[in-house]
Amino acid sequence: MATGGGASGTAGSRRADLPAGMEGRREEAPEPEVSEASEEDEEEEEEEEDDGSGVRVTPALLKATTGEFSLESILLLRLRGRGIAHLGCLADCSNLEWLDLSGNAIAGLAPLATLRALAVLNLAGNRVASVEPLRGCRSLRQLNLAGNRLRSLRQLRCLQGLRHLESLRLRDPLGNLGNPVCATPAYRAALAAMLPGLKAIDGQRVAGRGSELFRLCGELDAALDAEAAPAAPAEPPQPWVQAGFWEPRPPRRSAVLEEATRQLGQALRECRELGRRADDSIAQAQRALGRRHHGNFGF
């Protein structure tokens with residue numbers, strides 16, 4: 001009993017040391033500070049996490065869509081606008097070469113990492129914030145990421161190992177699709193420098209056949225959009241050619257030309273004479289044939 005009393009007395013003395021108005025409150029430990037980098041990472045993780053809703057890709061869905069009994073036999077797959085949020089068993093389509101997943105609610109791309117034969121991939125109009133799994137798509141040539149949640153070019157560095165990648169789209173003006181990274185000034189030039197193998201960015205050729213025309217068109221558009229500087233006083237127009245250039249010149253006499261003209265006229269006259277004789281001969285032959293037909297009354 002004495003021990004209990006001593007303990008209670010000690011507790012009472014501690015309560016007495018507290019300032020007025022703080023009795024009965026527990027001591028609160030300081031909350032840990034969260035860095036900005038960790039907050040950004042958490043936001044990206046939240047965006048990449050599936051919310052549990054939406055359609056999941058299943059073997060039954062793939063077989064009903066393609067008519068194939070084996071998932072390994074699927075080479076081309078179109079799943080546009082199906083409300084898909086989970087790629088599910090898509091990794092089992094190991095021979096897939098062409099895939100359209102546009103217009104869905106996809107955030108995570110992990111099942112695509114094993115598709116070594118995939119050459120064309122359309123992910124436009126989804127919720128993709130990380131393309132890291134595409135590092136494994138070694139055969140990828142065309143990639144459409146317009147209308148997603150890519151915020152910086154650093155998120156696309158994982159594509160540097162794709163040696164066959166030729167076309168990358170982050171923005172589609174016709175479909176009003178883009179990414180936050182598209183607001184970065186000159187992002188196309190930075191993207192071309194980061195991925196020098198690209199031949200087309202956002203549908204515009206940056207290398208190879210036709211790239212020079214696109215460059216000239218871009219420079220022309222920039223010149224037309226730029227504010228016009230005050231023009232200097234124009235000089236009076238100067239004629240392109242000397243005076244009298246368009247006036248007809250007098251014909252030059254030439255003995256050779258005159259002789260050629262004379263011979264041509266003579267040849268034409270002879271042709272007309274031959275034509276007249278031929279017409280006479282044909283007329284005589286027709287008259288002779290007519291008389292023969294009239295004399296054959298006995299048959």
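Note on Ser139: accessible area approximately 40 square angstrom, rounded to 10, probe 1.4 Å, nucleic acids and ligands left out. With just the Cα atoms defining each centre, how far is the range 55-80 from the range 237-271? Give it in Å. Taking the Cα centre of the range 237-271 as reference, the centre of the range 55-80 is 79 Å away. Remark on Leu177: its backbone amide H falls under 5 Å from those of Asp172, a criterion applied only to residues 5 or more positions apart or on other chains, H modelled at 1.01 Å from N.
Taking Lys and Arg as +1 and Asp and Glu as -1, the other residues whose beta-carbon sits under 12 Å from that of Pro59 total -1. Carbon and sulfur: what percent of the range 79-160's accessible surface (1.4 Å probe)? So the carbon and sulfur contribution to the accessible surface is 43 percent. Principal axis extents of the C-alpha atoms in the range 89-210 (largest first, rounded to whole Å): 39, 29, 25. Going by the alpha-carbon gyration tensor, a ≥ b ≥ c the square roots of its eigenvalues, is the range 56-123 rounded (a/c under 1.5) or, if a/c is not under 1.5, prolate (a/b greater than b/c) versus oblate? Rounded is the answer for the range 56-123, as its axis ratio a/c remains below 1.5. With the highest mean first, a sort of the peptides 260-270, 114-124 on other beta-carbon atoms found within 10 angstrom per residue produces 114-124, 260-270.
The values are calculated or read from the model by the stated rules, or taken from the named source; none is laboratory data. Keep in mind that what you see is a predicted model, and the values were worked out from it rather than measured. Because the Cβ atoms are built from the backbone with ideal geometry, glycine has one as well, and the counts that use them run over all protein chains shown. When the accessible area is computed, the model is the full protein with side chains, heavy atoms only, and any ligands, DNA or RNA have been set aside. Shrake-Rupley method; radii C 1.70, N 1.55, O 1.52, S 1.80 Å.
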